[in-house]
1. Any chance the range B:119-136 includes a residue that's within 14 Å of chain A (Cβ to nearest Cβ), farther than 18 Å from residue B:284 by Cβ and at pLDDT 90 or above?
2. Within the range B:256-310, track down each residue that is on the phi > 0 side of the Ramachandran plot and in a helix (DSSP H, G or I).
3. Take residue A:135 and decide whether it is more than 17 Å from residue A:70 (Cβ to Cβ) and not hydroxyl-bearing (Ser, Thr, Tyr).
4. Of the numbered conditions (1) in a helix (DSSP H, G or I); (2) among the small types (Gly, Ala, Ser); (3) touching a residue at least 60 places away in the same chain (Cβ under 8 Å), residue A:394 satisfies every one except a single condition; which is it?
5. Mind checking which residues of the range A:291-305 are surrounded by 22 or more Cβ atoms within 10 Å (Cβ to Cβ) and of a type in the set (A, V, I, L, M)?
6. For residue A:188, all conditions in the list (1) away from chain B (no Cβ under 13 Å); (2) in contact with a Phe, Trp or Tyr (Cβ under 8 Å, 6 or more places away or on another chain); (3) in contact (Cβ under 8 Å) with a residue 60 or more places away in the chain hold save one; what is the number of the exception?
7. Being crowded, with 17+ Cβ neighbours inside 10 Å, away from every other protein chain (no Cβ under 14 Å) and either among the hydrophobic types (A, V, I, L, M, F, W, C) or at negative phi (or both), is that true of even one residue in the range B:141-151?
8. Looking at the range A:125-141, can you tell me whether even one residue there is crowded, with 20+ Cβ neighbours inside 10 Å, closer than 24 Å to residue A:228 by Cβ and more than 14 Å from chain B (Cβ to nearest Cβ)?
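The values are calculated or read from the model by the stated rules, or taken from the named source; none is laboratory data. Small disclaimer: the values here were computed from a predicted structure and weren't measured. Every residue, glycine among them, receives a Cβ derived from its backbone with ideal geometry; neighbour counts consider all protein chains shown.
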Amino acid sequence: MKKKFLIVALLLIVASISIFANGSTEKPAVAKTDSSEATSAMSYADEIIVGDLSEPKYLDPNAPGVGGSEINVCQQIYEGLVKTDKDGIILPCLASDWTISDDGMVYTFNLVPGVTFSDGTPVTGEDWEWSLLRARDYEASSYRFIAENIDTVEATDSQVVITLKQAAAPFIYDLANFNMVVGCKKHWEAVGDSNYLTDPIGTGPYMLESWDRGKSLVLTANPNFREEGYPLTKNIKYLMVADDNTRFMQLQSGQLDIIGDIPFSIVPMIKADKDLVLDMFDSTKIRYLILNTTKAPFDDPAVRKAMYYAIDKKELAQAITGVYGNPVSALVSPTQGKWSNNSLEVTPYQPEKAKEALKAAGYDKPIKFTLSVFSGSKVYEQMATLIQSQVNKAGFDCDIELLESAAIDDKYTSLSHQATILMWIDDIRDASEVCGWTVDYDQCDAWYTGLRDQALEDLNNAAFKELDEEKRVQMYQEIQQQVYDNANVIPMFSTGFAYASSSKIKGLYVSPFGVYESKNWQKVK
Amino acid sequence: MNRLNYIIKRILQIIPVLFVVSILIFFLLRFIGGDPARLILGDKATKSAIKALQIKLGLDQPLITQYWIFLKGIFKLDLGNSLSLQVSVAYLLKQRMPLTIKLTLFSALLAIIFSLPLGYLAGKHKDHVWDHTIRTLTLVFISMPSFWVGLLLMILFGVKLGWLPAGGWDETNFLTQLRSLLLPAITESLALTALLMRDMRNSVADISQMDYVYFAKSKGIKQSAVRKHHIFRNALISYVTLVSINIAYMLGGSVIIETVFALPGIGKLMIDSIFNRDYQVVQSLVLLFAGLVMLVNLITDILYSFLDPRVSY
């Protein structure tokens, strides 16, 4: 028995060692420093590591389901005709200059000469035509609506001419969006559509070196990048770390250099650590209360308007974000400047006034409703709890329903909710995105409120086509006023983009649309 | 020969069970609702984009057609493609399963190493100091939530001391893998260690009071031989059952451990796939686990025949 036990124990140990020693058949790529660059790279590290909550699904900006993680990686690989600076002003990128016809229908771009893809293939007119029309025609693309207005694209190796279906002033900003970029048609033909989703070739500062799904994604410097001396850091490595506490600990221990989208609860710990830096970048992120106007009680406008007095937005912002959030009243983020209607009042919390308004509308008893929220978001759960306690003192009787992602999705897309909380981040320096989404009944039931307001939709369509910027601003201000009066989409508070990084990191900046350029990043050794 | 026939019979029994499981999981997933296309496309998905993706993924087909496609794939040993990632399920499994297996085995090994001697000690010295100490220890292990323990260990060893990584998976070589798995394995093994310690302690305490043990002692058989052949071997029967059940359970992956320690294992893949209604991944994983559980049960039954001579086939 003893002998058998020893043999079994020995076999177990040998088996364990062989399993561990086996490792994986696919070894992750390791950035190697070229010894000839050692002198110039002495002060700075060759690699910066970013900890993301989730990994990209694809690396094609026109793929289905493109979100934050995909966008940020794609931005380092691909480029478009134009881009925006920190203030949202349009800058040339692969186009050196451009003209717009007087009727706003034809955009003519002169291209920067000599641009190649990361594999050395020259960018051709055919690539531009194919890329922009693909952005428009790829049916399952999440961001197809950005390119929908394109009628024709005619391109040579030196010029791109885009003709629109209708005039649209925001189009130049649409072209700065992450999906309006040039891809290599020959490469797509060689690898096929499904492989193209994960095998990108672009003109940007980085290219894909390796991707071990679920583990890491490594970008390396594009040797054919047109800007000499860039990118400043050879490799950017993305690691997937799904837990915020773990990401923070890995940042502290040096396993990560940058983490974004951090919860505000860990901000004090970041500030207390002298080796870490907290950055709060201006954003267009706002959270909204969405009220279903097709079902009681929010089919009654009086009840919806009473909610303005029943919710303490200031308390919400403070409780959830500390000093990093602000109550808002306009549909469009104040970060969008003139596009936001800042004349709209952030109504103070007045529960008695809410009760009076409800009584005047014929409601003597507390109005019951269910606030359905996504259970995987601490922010939404906190908001729901606070809103419940606030409105219950103001003539309402609110229940909270926590649902997982698919269930909450089903609920509000089928308009079977009464109230829910959703978030929006704009992609462009313009009011057309969030306003369009809020009033478009056919594509999204007016942001899942079920409110069909034809006059408002007509005003929105007119604003979209209007070329005079002053008139557009006024029209969007009017749209926001009407949305405010309808009280179907109630903005709660805005927050910035919270990023934490090692104190050795330089050059980190995130735009109000949640994207960054890593070509300027450096890590001091 | 009898044993061989028994093994073959048990393996053949797996097939009808898996067929029933495939039907159940396929229709249950559809029953709970949720639109994979909508979830893939996200918050800014327009109705037309959702419709286009549903067609592209074959989700607009009748359920029975979808089930038939799934079943055909299983017969061809083709688990299909993940709906959201559009990579083969087999590739995802190949990526993640080895880590889950390593973590499971490492956790089980740690649990066995600690629970066997400590449980035996507690049972041998029933109601004495050792017994009370070890029983208190088991209570503490069971009471501590694993995510909390995991975070504490990471803070101490990963951040403050810097001895081990604060989560993450480094598969460069055996040593880096060991370092990556040590804290997660300790965390995952705690509850199992407690369970096994208690079981061993109770078994040893009960068996030590049995007539045949007294009889063996009264015959003058050495204490060590009595311990080994009569007490320990009999106590192992229930112990082995618990180990095998828990290994089968742990092979399904621990979402909490994998999330806290940022390990790309099967548990996280499963939970993400359920939330994303990635039907293909969930269906394939459930079938795989059902098969694994049946296989582990079979191995346990065979082990019994070595432990208990009364068991025959």
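1. Looking through the range B:119-136, at least one residue is within 14 Å of chain A (Cβ to nearest Cβ), farther than 18 Å from residue B:284 by Cβ and at pLDDT 90 or above.
2. Correct list: empty.
3. Criteria not met by residue A:135.
4. The failed condition is (1).
5. Across the range A:291-305, the qualifying residues are A:291, A:303.
6. Answer for residue A:188: the failing condition is (3).
7. yes
8. yes
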